[in-house]
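The structure appears below as structure tokens.
What follows is calculated from the coordinates using simple rules that are stated; it is not laboratory data. Note that the structure is predicted; figures quoted are calculated from it, not measured. Cβ coordinates were reconstructed from backbone atoms using ideal geometry, including for glycine residues, and neighbour counts include every protein chain displayed.
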Amino acid sequence: MNRIDALFTRLKAENRRALMPFLTAGDPDLATTAVLIPELVRRGANLLEIGIPYSDPVADGPVIAASYHRALVHGVRVGHIFQTLRTLRAEGDEAVRDTPLISMVSYSIVNRMGVDRYLNDAATAGLDGLIVPDLPVEESARLQEKATRRDLKLIQLITPTTPRARAVEIARLTTGFIYYVSVAGITGERKALPKDLKDNVAWLRTQTDLPICIGFGISSPEQVHELASVADGLIVGSALVRRLADAANRPRADLVKEVGDFIGSLAEALGGVEGSQAAGSAARPAQ
Amino acid sequence: MPHPAPPESPAPQALRQTPDALGRFGAFGGRFVPETLMDALNQLSEAYEEAKADPEFRRELEAYWKDYVGRPSPLYRADRLTKFSGGADIYLKREDLNHTGAHKINNAIGQVMIARRMGKQRVIAETGAGQHGVATATACALFGISCTVYMGEEDIRRQKLNVFNMRTMGATVVPVSSGSKTLRDATNEAFRDWMGSSKETHYTIGSVVGPHPFPMIVRDFQSVIGREARAQILEKIDRLPDAVVACVGGGSNAAGIFHPFIEDAGVELIGAEAGGRGGKSGDHASSLTQGKPGVLHGSFSYVLQDDDGQTQDVHSISAGLDYPGVGPEHAYWKDAGRVRYESVTDAEALAAYGESARQEGILPALESSHAIAQAFKEARRLGPGKVLIACLSGRGDKDAYEVARLRGEPIQ
């Protein structure tokens with residue numbers, strides 16, 4: 001079974017939500033990425049999104065765009081990233097080997113490498129899925145078919161600007177889970193999330209059996225705690241990447257600890273959620 | 001090949017086309033944008049189709065083109081440039097005589113009128129040389145709509161006059177300090193703005209680039225250049241020209257002048273790209289002649305990128321051509337063999353700028369100087385008795401400061 005399906009099956013049975021940190025591969029360097037991934041797993045990350053640095057990321061805010069830029073300036077290549085992940089899968093402990101890894105990658109990169117080569121290299125590197133934020137469903141049929149053949153999930157995004165009929169169609173075409181974008185805008189930390197976010201996710205839950213994970217703008221234990229009541233997973237990117245950037249000049253051990261502490265605080269906030277309104281809950285229609 | 005193969009030898013009638021439902025010109029075009037923008041693009045497609053079908057919209061647009069922009073722009077027989085080049089008769093399509101000094105105003109008025117129809121309160125734009133920024137600021141002033149223009153810091157330095165003019169017309173000019181601080185980075189920022197503001201904001205893209213329907217909309221509005229040129233040359237010489245030359249950055253003036261000639265097999269069409277300092281990566285902006293099919297800013301076209309799909313740095317003496325991608329319809333025309341694309345170096349463009357000034361008393365934009373430099377080569381190749389039209393896409397006032405600096409005679 002694909003690790004993503006296995007994760008959500010297990011979390012559903014345990015009535016728990018997934019914590020999904022995002023980090024940019026190669027920022028500040030790949031050796032740190034290789035240390036960070038096991039640390040984040042140890043501190044409560046259930047699934048990791050690995051950002052493949054891209055030169056022109058229009059969906060990303062300044063924090064992630066700057067981290068992509070730093071990685072590229074340091075010469076990080078897609079092949080280096082896959083090699084790092086391959087080593088982690090081979091040499092990591094059981095928890096690291098079992099944790100789903102997803103690449104967040106621009107279609108420019110997938111297309112240039114070639115869809116088959118990208119997917120083959122991703123699969124052999126131990127990735128379980130991919131998110132291609134600049135590839136809407138209209139353009140993704142070929143990639144979806146080829147990914148499915150390799151048991152890789154192609155996770156699609158639904159946003160507040162997606163009309164409901166279109167959201168239903170996207171939900172039908174996605175695999176693994178639905179990435180629900182909390183805000184109409186770019187990635188980045190936000191103090192307040194839209195008032196209708198919970199209602200929109202609750203509606204979406206009536207339309208699909210897939211897990212729904214919320215990303216964009218989530219940055220604090222309080223937000224994670226609040227949204228855990230409606231989501232199957234919560235994605236935290238810029239808040240983590242910013243901490244990495246702020247601590248970039250400190251010794252690696254300090255940097256890893258600081259980011260680990262942050263993820264630990266989020267995991268604790270998630271673990272502290274009582275009730276059962278999310279995954280596998282009564283909110284989902286009976287099958 | 002990592003990309004869908006372009007169609008082989010498309011039938012001539014397929015060359016002049018409306019893109020398909022996915023916005024494709026053959027294998028090129030499409031929509032490679034975040035889901036957040038898809039609804040805005042669908043709404044824009046719908047609004048554009050409605051506007052196109054509305055005779056009142058067309059009438060109003062043409063009235064603005066005539067009485068505000070000053071269309072039709074003249075088609076001028078440049079006898080002294082013809083004599084200088086020693087070949088075919090050179091005619092210049094004088095888009096430099098438009099209000100605001102370039103072809104960009106044709107599209108800006110059209111798009112801002114669509115924004116108004118859609119009830120958008122705010123317009124954003126990106127600009128390189130500043131001409132599209134000035135044109136958008138002008139159209140927004142004309143229709144009383146708020147305007148924000150993203151511009152790279154390097155381009156702000158090169159184009160102070162246009163920045164001043166945009167601000168004078170009430171636009172907010174936002175400096176972009178990321179990356180190479182040029183058009184590509186300004187485009188990224190404009191997309192980011194639109195991601196969060198599309199409900200109340202229209203993004204007036206300035207060239208035949210970006211996700212569908214922008215390449216089609218911009219081409220349609222700019223085709224007025226080619227329609228006029230075609231009618232004017234028929235009137236002057238009672239036949240079609242032997243060749244048409246235009247500069248290509250994103251490719252809007254070229255698409256505009258080429259499109260009405262695309263089915264005229266006897267008319268050679270030649271695009272002049274920015275060859276910069278030479279052929280080395282990072283030293284030029286020749287996307288079609290040296291790039292590879294790829295994705296940039298929402299569209300599948302030729303892109304200057306490395307083996308990982310990362311966009312490469314580019315250079316051109318002209319801020320307006322300093323862009324690593326190109327419109328998807330140009331990619332289609334290139335692969336179909338209908339349009340030939342050539343690189344023109346900074347030095348050749350500068351020389352053409354000087355010759356145009358000395359021979360004709362016309363200061364062309366540095367972008368247009370690339371077309372004039374290529375026109376010299378084509379005129380010599382074609383020889384006397386043949387006729388060539390070069391698109392003089394804009395005037396060179398904005399570039400005088402940069403040319404003076406390059407000559408070591410900076411204007412204080």
By how many nm would the segment from B:Arg80 to B:Arg227 grow when fully extended, if each residue of separation counts as 0.36 nm and the alpha-carbon distance is taken off?
50.4 nm
Just checking the output field for A:110-119: average partner chain Cβ neighbours within 10 Å of each residue's Cβ?
4
When a/c reaches 1.5 or more, the comparison of a/b and b/c decides; with that in mind, is segment B:194-278 rounded, prolate or oblate per its Cα gyration tensor?
oblate
Using the Cα gyration tensor of segment A:33-166, with a ≥ b ≥ c the square roots of its eigenvalues, what is the shape: rounded (a/c below 1.5), prolate (a/b larger than b/c) or oblate (neither)?
rounded
Round to the nearest 0.05 the FRET efficiency obtained for B:Arg167 and B:Arg407 when R0 = 30 Å and r is the Cβ-Cβ distance.
0.60
The Rg/Rh figure for the protein assembly as shown, Cα atoms and Kirkwood Rh, to two decimals is 1.01
Among B:Gln222, B:Gly210, B:Gly294, which residue has its Cα furthest toward the positive end of the charge dipole of the protein assembly as shown, with +1 on Lys/Arg Cβ and -1 on Asp/Glu Cβ?
B:Gln222
When DSSP beta bridges are limited to those with both residues in the protein assembly as shown, what percentage is antiparallel, rounded to the nearest 5?
20 percent
Treating only the Cβ atoms of Lys and Arg (+1) and Asp and Glu (-1) as charged, compute the dipole magnitude of segment B:217-353 about its Cα centre; round to the nearest 20 debye.
220 debye
Evaluate the distance, in nm, between pseudo-label points positioned 7 Å from the Cα of A:Val73 and of A:Gln207 along their respective Cα→Cβ axes.
4.1 nm
Taking R0 as 60 Å, what FRET efficiency do you get between A:Ala165 and B:Asp67 from their Cβ-Cβ distance, rounded to the nearest 0.05?
0.85
Provide the FRET efficiency to the nearest 0.05 for the B:Arg239-B:Arg117 pair, computing r from the beta carbons and using R0 = 45 Å.
0.65
Isolated Cys in chain B by the 4.7 Å beta carbon test?
B:Cys247, B:Cys391
Put +1 on the Cβ of every Lys and Arg and -1 on every Asp and Glu Cβ in segment B:349-412; which of B:Pro384, B:Leu406, B:His370 then has its Cα farthest towards the positive end of the dipole?
B:Pro384
Give me the one-decimal nm value for the distance between modelled label points at B:Ala351 and A:Asp196, 7 Å along each residue's Cα-to-Cβ direction.
6.2 nm
Taking Cα pairs closer than 8 Å and at least 6 residues apart, the relative contact order of chain A in percent is 23 percent
Across A:180-186, the residue-averaged tally of Cβ atoms belonging to other chains within 10 Å stands at 5
Can you tell me the length gained on complete extension of the stretch A:Asp254 to A:Arg172, counting 0.36 nm per residue apart and subtracting the Cα distance?
25.2 nm
Per the helix-only calculation at 222 nm, which mean residue ellipticity applies to chain B, given -39500 (n - 2.57) for every DSSP H run of n ≥ 4 and division by its residues, nearest 500 deg cm²/dmol?
-13000 deg cm²/dmol
Between B:Asp307 and B:Ala141, what is 0.36 nm times their sequence separation minus the Cα-Cα distance? Round to one decimal in nm.
55.4 nm
Debye, to nearest 20: dipole size of segment A:69-180, +1 on Lys, Arg Cβ, -1 on Asp, Glu Cβ
240 debye
Rounded, prolate or oblate (a/c below 1.5 giving rounded, otherwise prolate when a/b exceeds b/c) for chain B by Cα gyration tensor
rounded
So what is the relative contact order for chain B, in percent, with contacts set as C-alpha pairs under 8 Å and at least six apart?
21 percent
